[in-house]
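Have a look at the structure below, then the notes.
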Amino acid sequence: MNNDDRCFCELAPLYALDLLDADDRAWVEAQILAAPDLAEELAALEATVHKLPFTAPPQAIAPTLKDRLLQRLDSVNAAPVATSPSVSQPEPLSPFRSLESRGVPRQRASRRVSAWVCFGVGGAIAAIACIALGLENYRLRQTNQAIAARLQTLQQAGNQIYALQGTEKRPNAVGSLVINPQQREAVILVQNLPPLRPDQAYRLWAMPNGAAKPIYCGQFNPPADQITSQWTLPNARCYGAVAQMLITADSANAPPVPAGPLVMQSQS
Amino acid sequence: MSAAPKPIEAGGWVEVFGLTLGFRLLAHSTELILDEVDLLRRIAQQEQAALAELYDRYAQVLYSFAFKSLNSAEESEEVVLDVFAQVWRTADRYDSAKSQVSTWLFMMTRSRILDRLRRLQRTSRVAIAAESATEIQLPMPSVDPIENALLDEQQTQITLALAQLPPPQRQVIELAYFQGFTQSEIATQLNLSLGTVKTRIRLGLNKLRLALASQVQR
């Protein structure tokens, strides 16, 4: 189906019910970017869809479920978690502080096992697995320390820092974007954003205050083991009075017009 | 001056957090929205009492939602536990400008439901027949009467609106939303063309939207 055959009125309800393929979703999202009234129409449809759970026939819920929930929270709270004090940390670091407190170290911490215990319970295979886990934990700690150090160097006066959060397409993605206007440079640090095909890329867009259309600010597609990307900004409007930064997944060779799905956005 | 908001009798429309509301609902609805946003703020500060309060308001709705899709008490309970555990972990990421608390909860719940449906690898899902809302009266946990009434009102509005849809339109919407069927799967399940499925979804969802809007105007 080419663009001329598509009708927003037909695709919007399907979009609201998450029934479209990536191509049609991208088309709808491009229409919304171009026409705010279409965005309102879609929002109304989505609001309708989001009320559907109320139509489920009421079911009796086990009275013990609440206690089970609180027990689960207590067991989670009892586990040691690497967190940083919230007061002294600057706001732009919060995604990575969130990551450290809820993301990589916590997941890995659940797998952190004492080598002595491994040897005790048995066997060369278990011991090798434990050593591998230990090495992975060490590597991840080193990676996170490098990320924190890199962020500190980027926190210079005049730099613009944005906390990034994944959309429904990539709900677990988190990151930080640093714009250096003097160097016309962008540095992005992201987690849980999978690599794309070689012919695709994540594209950064700036929505300047009062602008109707986003400004293309470059693209990146880091491999799985690379967390940071850096490039020269192609447009001076990528820094300054920017209302929001957006990241889409697009064809790497397409014209600088957003067509792919929105995967991350800066938090206002 | 009373702290409790009083309903305004005159008709009209107002935008609140991106929602268009009639004046008659505005006062109480606004209070509910702000109260729930405050609950999330408190949960973000790891206040278990706030999570318990949110649980009291929404656990049954979420459980019923999961049960309609999964038809299993055990699976539905796990969904509810997972959702509230996720709320506990991510409350500080909730953005009231993007969605209501209920929407946020429903989206998380649906995501968990679809995960479980895929995991269960049901090869033959039961087609949800068009059915009217049942009149089950269940004892509610201790919830503020005003919040309870507002949730009941939302439930009544959408249930009535859905009941007014032609059964074929209601059926395809429910298969898509509650069972996570794709358009092709719905077409296969109901022995319809893809075009017919798309048309029924489009007509049904637009009718629902208009029905809800007309209910708010009254």
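Normalised by 2.2 N^0.38 Å, where N is the number of residues, the C-alpha radius of gyration of segment A:1-73 stands at 1.65.
From most to least packed by mean Cβ count within 10 Å, the peptides B:33-41, A:202-210 give A:202-210, B:33-41. Karplus-based coupling profile of segment B:42-47, in residue order and whole Hz: 5, 5, 4, 8, 6, 9, with θ = phi - 60° in 6.51 cos²θ - 1.76 cosθ + 1.60 and x standing for Gly or Pro. Computed 3J(HN,Hα) for segment A:182-189, one whole-Hz value per residue from the Karplus formula 6.51 cos²θ - 1.76 cosθ + 1.60 where θ = phi - 60°, is 5, 8, 6, 10, 10, 10, 10, 10, glycine and proline marked x. Over all pairs of different C-alpha atoms, segment A:157-256 has a mean inverse distance whose reciprocal, the Kirkwood radius, equals 13.8 Å. Label positions at B:N191 and B:D35, each projected 7 Å from the Cα along the C-beta direction, are separated by 5.1 nm. A crude spin-label estimate for the pair A:A62 and A:N192, with each label 7 Å from Cα along the Cβ direction, gives 2.8 nm. Listed by chain and number, the lysines whose alpha-carbon sits under 21 Å from that of B:K207, ignoring those within fewer than 8 places in the same chain, are A:K51, B:K198.
Calculate the FRET efficiency for B:A97 and A:S75 from the Cβ-Cβ distance with a Förster distance of 45 Å, rounded to the nearest 0.05. Using R0 = 45 Å, I get an efficiency of 0.85. Can you grab the distance from the C-alpha centre of segment A:232-246 to the C-alpha centre of segment A:1-78, Å, no decimals? When both Cα centres are located, 30 Å separates them. Taking every residue in B:72-82 and counting other chain Cβ atoms within 10 Å of its Cβ, the average works out to 3. Between B:T182 and A:E10, the distance separating the two model label sites (each 7 Å from Cα on the Cα→Cβ line) works out to 1.9 nm. Among residues other than B:D82 with Cβ under 11 Å from its Cβ, the summed charge is 0 (Lys and Arg +1, Asp and Glu -1). Counting Cβ atoms of other protein chains within 10 Å of each Cβ in A:9-19 and taking the mean gives 6. Backbone N atoms of segment A:228-256 closer than 18 Å to the 7 Å Cα→Cβ label point of A:Q182 belong to residues A:231-233, A:239-240. Note on A:64-72: average number of Cβ atoms from other chains within 10 Å of each residue's Cβ is 5.
Every number here is computed from the coordinates shown, using simple stated rules; none is lab data. Since the structure is predicted, the reported quantities are computational estimates derived from the model, not experimental observations. Virtual Cβ from ideal backbone geometry, glycine too; neighbours counted across all protein chains shown.
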